[in-house]
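The values are calculated or read from the model by the stated rules, or taken from the named source; none is laboratory data. Predicted, not measured: the structure shown is a model, and the values here were computed from it. Cβ placement follows ideal geometry from the backbone for every residue including glycine, while neighbour counts extend to all protein chains displayed.
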Amino acid sequence: MGYGRGAAAVRAVEDVSLSIARGEFVAVVGPSGCGKSSLMKLVSGLHPPLSGKLTVEGQPVRGPLKSVGMAFQNSNLLPWRSATDNVLLPLEIVEPYRSRMRAERAAYRDKAVKLLESVGLAGFTAKFPWELSGGMQQRASICRALIHEPDILMLDEPFAALDAFTREELWCALRDLQAARNVTVMLVTHDLREAVFLADTVYVMSSRPGRIVRRCEVPIARPRDLEVTYTEPFQNIVHELRGLIGARH
Amino acid sequence: MERSVLALRVLSPAAFTVTLFVLWEIACRVLNVPLTILPAPSAVFGALWQYRAPIASNSIVTLWTTLAGFLMATVFGLLLGILVGWHRAIYAGLYPVMIGFNSIPKVAVVPVLILWFGLGEIPAILTAFLISFFPIVVNVATGLATVEPEMEDVLRALGASKLDIVRKIGIPRSLPYFFGSLKVAITLAFVGAVVSETVGSNKGIGKLMLDAQASFQVPIVFAGLLVLAFLGIVLYGLTAAIEQRFTGWAFRGRSAN
């Protein structure tokens with residue numbers, strides 16, 4: 001079991017095992033409190049597993065993984081740093097960038113600015129977080145998760161706090177980023193439309209104890225346009241998934 | 001815009017101060033208050049001018065003992081604050097000890113300091129230091145201890161060490177607390193220095209006022225008070241300016257844009 005060059009599996013929470021191929025976009029959906037975020041924290045190494053085994057790229061996970069970039073529901077940008085400096089933060093921590101920081105600061109800064117511009121933040125790179133809108137903050141936060149070129153991008157409900165229109169904009173931004181960099185993405189969300197629109201594979205988790213109850217491959221061709229979300233096949237998948245979540249009314 | 005800020009920041013306090021002095025002068029003249037009880041501002045400023053040489057030389061002593069004690073408190077307070085905020089166990093262990101220490105009225109420590117170091121500037125510096133480091137420690141430690149776990153997660157997810165987290169998040173985040181505490185600390189350091197001079201010293205504004213009081217030169221006592229108030233405002237203004245300069249991000253509403 002493990003995350004590999006081809007396909008592999010990770011085990012967490014309770015009897016959860018998911019295999020994620022390199023470059024795949026995986027979404028995990030489920031009712032609130034089903035352990036989606038825990039799963040993510042386990043996989044990223046933020047929380048050590050109490051029991052069981054967890055392997056990523058064939059290696060047991062003992063601590064935080066440098067090959068992972070994370071973004072959370074709150075942008076968690078540091079208020080004393082400009083957008084660019086926030087994006088630079090991982091490079092100040094992760095090797096080999098860390099030791100080269102002094103020599104290559106200008107180049108790194110350039111890279112951060114380019115990345116921010118690629119998500120539509122041109123002209124806002126020198127702004128401080130409080131001068132950015134919620135959507136902009138979240139864009140910067142995703143840039144920060146990507147700057148050190150991780151193999152895996154983990155997103156924990158990154159768009160949950162945004163309004164519907166900004167959210168759809170950011171779906172497209174994320175879609176383009178992922179296509180351009182071919183990064184593996186694991187997205188935790190409770191928004192089924194978001195999951196189906198973005199992901200190759202959607203995993204549905206059940207309520208406590210957190211278990212994977214369904215693995216659903218989205219057969220819609222990529223790259224997808226926002227219009228897709230109004231088509232019947234799309235609606236059918238969302239409807240089917242909604243049935244699996246099984247909240248009582 | 002610039003003009004209205006000037007009016008608000010400079011003219012308004014100046015007008016209030018002048019009004020206060022005028023009222024004080026009128027009250028003294030109308031009620032015929034004896035000079036030994038409450039001298040009128042004209043008498044106080046007269047004394048200030050007449051004894052400007054001794055007042056200036058003593059002010060400089062008070063000023064430098066205050067600043068020396070304050071600088072010691074700043075360095076020591078920052079380091080101890082980081083240590084206390086570093087880990088919950090250190091926080092829990094050291095905090096009660098510090099509260100106990102801080103509860104001792106510092107006037108009571110001055111005789112001991114004089115016993116150890118003799119009359120002079122060292123007891124004043126140490127009193128200023130002892131009285132002013134506590135708020136710095138408390139504020140820095142609080143700033144460190146209240147870092148949002150989510151913010152730490154951002155760094156921990158990258159494999160950052162505890163030292164990295166403190167350097168990149170803890171310290172910058174507690175800087176507003178630190179600079180905020182400097183404003184309190186400078187005032188306290190000033191109090192400490194003057195208290196020490198009043199208890200036992202051979203120089204300083206406190207000593208000058210004590211001597212003037214002993215010889216019933218009440219206008220000089222009040223002149224000393226005026227100088228103290230003036231120095232207090234200057235020192236406070238300096239630390240407030242430093243605070244604005246370094247932690248503008250925490251005052252976004254007012255200083256940004």
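For B:I186, which of the numbered conditions (1) within 14 Å of chain A (Cβ to nearest Cβ); (2) within 28 Å of B:V137 (Cβ to Cβ) fails to hold?
(1)
Limited to the stretch B:74-95, what total is found for residues that are touching a residue at least 12 places away in the same chain (Cβ under 8 Å) and β-branched (V, I, T)?
Of the residues in the stretch B:74-95, 3 are touching a residue at least 12 places away in the same chain (Cβ under 8 Å) and β-branched (V, I, T).
Can you tell me how many residues within the stretch B:209-218 are under 17 Å from B:R52 (Cβ atoms) and either in contact with a His (Cβ under 6 Å, 6 or more places away or on another chain) or in a helix (DSSP H, G or I) (or both)?
Filtering the stretch B:209-218 for residues under 17 Å from B:R52 (Cβ atoms) gives B:209, B:211-212, B:217.
Now restrict to residues that are either in contact with a His (Cβ under 6 Å, 6 or more places away or on another chain) or in a helix (DSSP H, G or I) (or both): B:209, B:211-212.
Count: 3.
Among (1) within 30 Å of B:P149 (Cα to Cα); (2) aromatic (F, W, Y); (3) under 21 Å from the mean Cα position of the chain (by Cα); (4) at pLDDT below 90, there is one condition B:F101 misses while meeting the rest; what is its number?
(1)
Condition check ((1) touching a strand residue (DSSP E or B) at 6+ places or on another chain (Cβ under 8 Å); (2) within 11 Å of chain A (Cβ to nearest Cβ); (3) aromatic (F, W, Y); (4) in a helix (DSSP H, G or I)) across all residues:
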{"position": "B:V154", "(1), (2), (3), (4)": "yes, yes, no, yes"}
{"position": "B:G159", "(1), (2), (3), (4)": "no, yes, no, no"}
{"position": "B:D164", "(1), (2), (3), (4)": "no, yes, no, yes"}
{"position": "B:F190", "(1), (2), (3), (4)": "no, no, yes, yes"}
{"position": "B:V195", "(1), (2), (3), (4)": "no, no, no, yes"}
{"position": "B:K207", "(1), (2), (3), (4)": "no, no, no, yes"}
{"position": "B:I220", "(1), (2), (3), (4)": "no, no, no, yes"}
{"position": "B:L225", "(1), (2), (3), (4)": "no, no, no, yes"}
{"position": "B:G232", "(1), (2), (3), (4)": "no, no, no, yes"}
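Take the residues of the stretch A:62-91 that are assigned to a helix (DSSP H, G or I) and closer than 20 Å to A:L132 by Cβ: which is farthest from the other protein chains (Cβ to nearest Cβ)?
Initial filter on the stretch A:62-91 (assigned to a helix (DSSP H, G or I)): A:83-91.
Remaining after also requiring closer than 20 Å to A:L132 by Cβ: A:83-90.
Numbers: A:A83: 13, A:T84: 15, A:D85: 11, A:N86: 9, A:V87: 12, A:L88: 11, A:L89: 7, A:P90: 5 Å.
The extreme case among them is A:T84.
Being under 21 Å from B:F70 (Cα atoms), among the small types (G, A, S), assigned by TED's automatic domain parsing to the domain that holds B:A53 and surrounded by fewer than 17 Cβ atoms within 10 Å (Cβ to Cβ) is true for just one of B:A241, B:A193, B:A185. Which residue is that? Spell out the reasoning first.
Numbers: B:A193 fails: surrounded by fewer than 17 Cβ atoms within 10 Å (Cβ to Cβ); B:A185 fails: surrounded by fewer than 17 Cβ atoms within 10 Å (Cβ to Cβ).
None of the other options fit; the residue is B:A241.
Which residues, taken from the stretch A:169-187, are touching a residue at least 60 places away in the same chain (Cβ under 8 Å), surrounded by fewer than 16 Cβ atoms within 10 Å (Cβ to Cβ) and of a type in the set (A, V, I, L, M, F, W, C)?
Applying the first criterion (touching a residue at least 60 places away in the same chain (Cβ under 8 Å)) to the stretch A:169-187 yields A:178, A:180, A:182-187.
The next check asks that each one be surrounded by fewer than 16 Cβ atoms within 10 Å (Cβ to Cβ); those that pass are A:180, A:182.
Once the filter is applied, which keeps residues that are touching a residue at least 60 places away in the same chain (Cβ under 8 Å), surrounded by fewer than 16 Cβ atoms within 10 Å (Cβ to Cβ) and of a type in the set (A, V, I, L, M, F, W, C), the stretch A:169-187 yields only A:A180.
Restricting to the stretch A:121-135, name every residue that is surrounded by 16 or more Cβ atoms within 10 Å (Cβ to Cβ) and assigned to a loop (DSSP other than H, G, I, E, B).
Within the stretch A:121-135, A:L121, A:F124, A:T125, A:K127, A:F128, A:L132 qualify.
Find the residue count for the stretch A:182-218, including only residues that are modelled with pLDDT of 80 or more and either of a type in the set (V, I, T) or over 17 Å from A:R242 (Cα atoms) (or both).
Of the residues in the stretch A:182-218, 14 are modelled with pLDDT of 80 or more and either of a type in the set (V, I, T) or over 17 Å from A:R242 (Cα atoms) (or both).
Report yes if some residue within the stretch B:246-253 is part of a helix (DSSP H, G or I), of a type in the set (F, W, Y) and in contact with a Lys or Arg (Cβ under 7 Å, 6 or more places away or on another chain); otherwise report no. Break it down into steps so the answer makes sense when it comes.
Taking the stretch B:246-253 and keeping what is part of a helix (DSSP H, G or I), we get B:246, B:248-253.
Narrowing further to those that are of a type in the set (F, W, Y): B:246, B:249, B:251.
Still in the list and also in contact with a Lys or Arg (Cβ under 7 Å, 6 or more places away or on another chain): none.
No, the stretch B:246-253 has no match at all.
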